[in-house]
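**Student:** Pasting a structure below so you can have a look.
The values are calculated or read from the model by the stated rules, or taken from the named source; none is laboratory data. Just so we're clear, the structure is a prediction, and the values are computed from it rather than from any experiment. Neighbour counts are summed over all protein chains in view; Cβ atoms, including those assigned to glycine, are modelled from backbone coordinates with ideal geometry.
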Amino acid sequence: MNISRRDFLKAAAAATVAGKLTTSALAGLRDVLLAEDAPSVIWLQGAGCDGCAISFLNSIHYASADDVLLNTIDLDFQSNLQAAAGDLAVSAAEAAAAKPGYILIVEGAIPTGAGGEYCRLWPGMTMHQAVLQYSDNAAYIVALGACASYGGVSSGAPNPTEAKGVGEVLGADARLINLPGCPAHPDWLVGTLTYLLTAGHLPPLDEHRRPLEFYGERIHDNCFNRRLYCGEPVFADQLGGVGCLEFLGCKGKHTQADCPLRKWNSRGSGEYGVNWCIGARSPCLGCVNPNFPDGMSPFYEYLAPPPAANGSGEAGPAGEQHQLRVRRDMKAS
Amino acid sequence: MAKTITIDPVTRIEGHLEIEVTVDTVMGQKKVVAAKSAGTMFRGFEIILVGRDPRDAAQYTQRICGVCPVSHAMASTMNLDNAFGITPPDNGRLLRNLVLGANFIQSHLLHFYHLSVLDYIDTTGLLDQSPWTPRYVLEDMISGPLAAELVGHYVAALEMRRKAHQAGAIFGGKLPCTGSFVVGGLTEVPTAGKIADFRSLLNELRSFIDNVYVPDAQALGDAFPSYYSLGAGPGNLLSFGVFDQDAAGSTKLFPAGTYTDGAPGTLDPAEITEYVTYSWYTAASGGTNPADGVTEPDPDKAGAYTWLKAPRYLHKPHELGPLARMWISGEYTHGISAMDRIVARALETKKLADAMDGWLDQLVPDATAYQPSSIPVSGTGVGLTEAPRGALGHWMDIQDSKISRYQVVTPTAWNASPKDDLDQMGPVEEALLDVPVEDWDQPVEVLRVVHSFDPCLACAVHMVRPGDRTGGSRVLIRPGIA
């Protein structure tokens, strides 16, 4: 695997600006990128929509998709992209899984009803069997997207296929990282892969096994709609209106993700997105939450926020103590 | 000597598909004499949607497919507009068209470069690492400078499809899966700045489409002329029409229409019937229009082998997709084949991208794109549109202000359908007949024909009712063999 010096310096500079990689980690990144053997990645897709894979292809902020595919990892199995089909494709997965230390990426939920037959990857291999089998030799397991993390839309009530997330299928597993989102933001995946490859261990995770770097702050606390306040909140009177969307169903007070800062569909390397859900005047659906979608529906109805964690005041708009925090390296617009 | 080849998983599609072909030597040539295809994943969206707030449908149904979520958003919001009795303002119609158009461009670029072209190029010496290895190498594959050029375009197209999503997200909020499509229009408001940003990206896309994608598609046809005579299928075409040019939807960029037994026709949705002769449903579940559809599983039904119903128009199988749209609009008349599908898709992309520039001009900056409405206590709705792969319809009943029934019929359900009650094959299976297979271990010719339909299996099997059958959601299409 090769990376040009120019590309490495560009990536390192971006990482430094983001304040996310220490000097020693950068040195580690260079060593990894210049190594002979690229890290192997096996990417399994179950009961999902492939939206997280499409989202990954939109990666550009940390690295473009082609940079990741050509210069950073050996993507040994991934059904949307791989040249091989049928037996040839299966042989690639089996060969990669025989060498311990790969990163297993799981996208889509795992149906467990009907003996797992609601989702078959290839003859003799259901998604359920594949997740159990292919987790054996994995160094890390990344549950990509809401469905793989916690069941997602595929497990929406009444969950006709008994679909589950990876964590529920594997039980407690120290190698597991959840990257929920519907879809997951490409930066959350590429940033996590970069961390794993440079640090050699899991990043700090919250109680839902989500990286704190991406899921550590409440959407509401970084939302630009709050900048409209001059003491008194301004609430939008209808969708498409100006102001806070809380009473139109926004789940920003229930949701931890860096969407307001990172935004979606980045313009280029090191840049942030062109827009995001609330930026387009539509409410946050809470798509990174373990109880998405059922606990976040109806999407356009108000949901009383949970009590303030620091006990600073009553829950709800009447008594909540607002504290607008803006990270110095990412300015909300 | 006949040999059965199973390709499972079929890769470079969306979703889970198994193809089984029987190959035999006929008059000295090895070719497909029988074929069956199986969708191997099921989730059950029509069950998951029942009892929910109707407004949520536009978000849930987008998760049917991450490649064409905006098409589902369009069908769903049209369905909701219809049921709620609301018409979006012009800005809403235009913005929906622009976001949908951006995703069409993304999907078609992805399909040609990242899903299809590897069937035709020998990448030895160009892409010698996974996921491009292991690979097939056939004698007829392109090599040398043209291969190198196409590989360069493959990489460039990764950037271009990303830019198409950027453009769509300007008004869609984010892609894939847009939050701004709602009943009554679109929540985002076009500003002069956003319009300029979208146009700038559109100009880049149009340059790539005109100077790279369309020429590459035509070059592929020149290099593989035999595929203009392979993969024809039944030769009937259908479109629901898409990209409304006026508030009533009476004029569309790609009009609705049909082409049946060599004659054009006017689309009448009442003539759509789903058959279940070879499907695991009771006889009472079949022979009905989707608006009246009933789905009672009967997993022990004699002679049945699939969970997919067989959608038919005027009791005949019809192919859907870019070729159908371009044929019905009179823009493409060359022929119906695997290669015609690929070329028509590229030409459709150009027609669409050029039209999008005009839609930007029609936007009124700073004017709302949204019209508020209330959930009816009861009602019905229908939304007919087109996904990149073809006609897409959403049907809904509301009772007590909740969804009581929601049905989706997707293009791949038509294209990959089984035999119907008259034993007429579905388009994909008929298209596979007579396809040559040079090397049993490298059935690339079969992949070329299957890929020409741009199959999306998450869409095709999402709406099947779960049975208790441990065989799961296997769809078997068995043309012409006992």
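**Student:** Can we say A:G51 is more than 7 Å from every other protein chain (Cβ to nearest Cβ), in contact (Cβ under 8 Å) with a residue 24 or more places away in the chain and either surrounded by 24 or more Cβ atoms within 10 Å (Cβ to Cβ) or at positive phi (or both)?
**Tutor:** Taking the combined requirement at face value, the residue does not satisfy it.
**Student:** Further question: Out of B:L360, B:L392, which single residue is in contact (Cβ under 8 Å) with a residue 12 or more places away in the chain, among the aliphatic types (A, V, I, L, M) and either outside any helix (DSSP H, G or I) or farther than 24 Å from B:P190 by Cα (or both)?
**Tutor:** Being in contact (Cβ under 8 Å) with a residue 12 or more places away in the chain, among the aliphatic types (A, V, I, L, M) and either outside any helix (DSSP H, G or I) or farther than 24 Å from B:P190 by Cα (or both) holds for just one of B:L360, B:L392, which is B:L392.
**Student:** Is it true that A:P283 is modelled with pLDDT of 95 or more, touching a Lys or Arg at 6+ places or on another chain (Cβ under 8 Å) and crowded, with 20+ Cβ neighbours inside 10 Å?
**Tutor:** yes
**Student:** Which count do you get for residues in segment A:70-93 that are more than 7 Å from chain B (Cβ to nearest Cβ) and farther than 19 Å from B:Q442 by Cα?
**Tutor:** 4
**Student:** Now for a separate question. Exactly one condition in (1) at pLDDT 95 or above; (2) surrounded by 23 or more Cβ atoms within 10 Å (Cβ to Cβ); (3) more than 8 Å from chain B (Cβ to nearest Cβ) is false for A:A98; which is it?
**Tutor:** Of the numbered conditions (1) at pLDDT 95 or above; (2) surrounded by 23 or more Cβ atoms within 10 Å (Cβ to Cβ); (3) more than 8 Å from chain B (Cβ to nearest Cβ), the odd one out for A:A98 is (2).
**Student:** So, one more: Give me the pairs, please: first residue somewhere in segment A:194-213 and among the charged types (D, E, K, R), second residue anywhere and assigned to a helix (DSSP H, G or I) and surrounded by fewer than 16 Cβ atoms within 10 Å (Cβ to Cβ), beta-carbon distance under 8 Å, and either six or more positions apart or on two chains.
**Tutor:** A:D206/A:L212
**Student:** Scan segment B:169-202 for residues that are more than 8 Å from chain A (Cβ to nearest Cβ), of a type outside the set (K, R), touching a residue at least 24 places away in the same chain (Cβ under 8 Å) and part of a helix (DSSP H, G or I) and report the count.
**Tutor:** Residues flagged as more than 8 Å from chain A (Cβ to nearest Cβ), of a type outside the set (K, R), touching a residue at least 24 places away in the same chain (Cβ under 8 Å) and part of a helix (DSSP H, G or I) within segment B:169-202 amount to 5.
**Student:** Follow-up. Looking only at segment A:151-175, count every residue that is outside any strand (DSSP E or B), surrounded by 22 or more Cβ atoms within 10 Å (Cβ to Cβ), within 14 Å of chain B (Cβ to nearest Cβ) and touching a residue at least 60 places away in the same chain (Cβ under 8 Å) and tell me the total.
**Tutor:** Total meeting the criteria: 5.
**Student:** Also, quick follow-up: A:A11 versus (1) at pLDDT 90 or above; (2) out of contact with any Pro (no Cβ under 9 Å at 6 or more places or on another chain); (3) surrounded by 24 or more Cβ atoms within 10 Å (Cβ to Cβ): which is the lone unmet condition?
**Tutor:** It fails just one condition, (1).
**Student:** Within segment B:302-340, which residues are part of a helix (DSSP H, G or I) and aliphatic (A, V, I, L, M)?
**Tutor:** B:L323, B:A324, B:M326, B:I328, B:A338, B:M339
**Student:** Please work out if A:S79 is under 20 Å from B:I19 (Cβ atoms), without any contact (Cβ under 8 Å) to a residue 24 or more places away in the chain, among the hydroxyl-bearing types (S, T, Y) and not in a strand (DSSP E or B).
**Tutor:** No, not satisfied.
**Student:** Another question about this same structure. Among the residues that make up segment A:245-256, is at least one of them aliphatic (A, V, I, L, M), in contact with a helix residue (DSSP H, G or I) (Cβ under 6 Å, 6 or more places away or on another chain) and in contact (Cβ under 8 Å) with a residue 40 or more places away in the chain?
**Tutor:** no
**Student:** Only residues that are in a loop (DSSP other than H, G, I, E, B) and more than 9 Å from chain B (Cβ to nearest Cβ): list them for segment A:176-198, please.
**Tutor:** Listed by number, the residues that qualify are A:P180, A:G181, A:A184.
**Student:** Shifting gears a bit: Taking segment B:359-396 as the region of interest, how many residues are surrounded by 18 or more Cβ atoms within 10 Å (Cβ to Cβ) and among the charged types (D, E, K, R)?
**Tutor:** 2
**Student:** Further, regarding this structure: Mind listing whichever residues of segment B:204-253 are free of Cβ contacts under 8 Å to residues at least 12 places away in the same chain and assigned to a helix (DSSP H, G or I)?
**Tutor:** The answer is B:S207, B:N211, B:P215, B:D222, B:S226.
Every residue, every condition in (1) under 23 Å from B:T40 (Cβ atoms); (2) assigned by TED's automatic domain parsing to the domain that holds A:L261; (3) out of contact with any Pro (no Cβ under 6 Å at 6 or more places or on another chain), yes or no:
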site	(1), (2), (3)
A:G113	yes, no, yes
A:N137	no, no, no
A:A148	yes, no, yes
A:V153	yes, no, no
A:A157	no, no, yes
A:G171	no, no, yes
A:N178	no, no, yes
A:L193	no, no, yes
A:T198	no, no, yes
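**Student:** Quick check on A:E213: is it surrounded by fewer than 21 Cβ atoms within 10 Å (Cβ to Cβ) and outside any loop (DSSP other than H, G, I, E, B)?
**Tutor:** The answer is yes for A:E213.
Residues are listed down the side, and each one gets a yes or a no for (1) in a loop (DSSP other than H, G, I, E, B); (2) over 19 Å from the mean Cα position of the chain (by Cα):
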position	(1), (2)
B:V33	no, yes
B:K36	no, yes
B:I48	no, yes
B:A58	no, no
B:V67	yes, no
B:V70	no, no
B:M74	no, no
B:I86	yes, yes
B:R96	no, no
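**Student:** Taking the condition of being surrounded by fewer than 24 Cβ atoms within 10 Å (Cβ to Cβ) and not in a helix (DSSP H, G or I), how many residues in segment A:290-300 meet it?
**Tutor:** Residues in segment A:290-300 being surrounded by fewer than 24 Cβ atoms within 10 Å (Cβ to Cβ) and not in a helix (DSSP H, G or I): 5 in total.
**Student:** Give just the number: which of (1) at pLDDT 95 or above; (2) closer than 30 Å to A:D173 by Cα; (3) assigned to a loop (DSSP other than H, G, I, E, B) does A:A309 not satisfy?
**Tutor:** For A:A309, the exception is condition (1).
**Student:** Which of the residues spanning segment B:137-157 are assigned to a loop (DSSP other than H, G, I, E, B) and either touching a His at 6+ places or on another chain (Cβ under 8 Å) or crowded, with 20+ Cβ neighbours inside 10 Å (or both)?
**Tutor:** Matches in segment B:137-157: none.
**Student:** Next question, about the same structure. Test B:D24 against the stated conditions and say whether it is part of a strand (DSSP E or B) and free of Cβ contacts under 8 Å to residues at least 24 places away in the same chain.
**Tutor:** Criteria met by B:D24.
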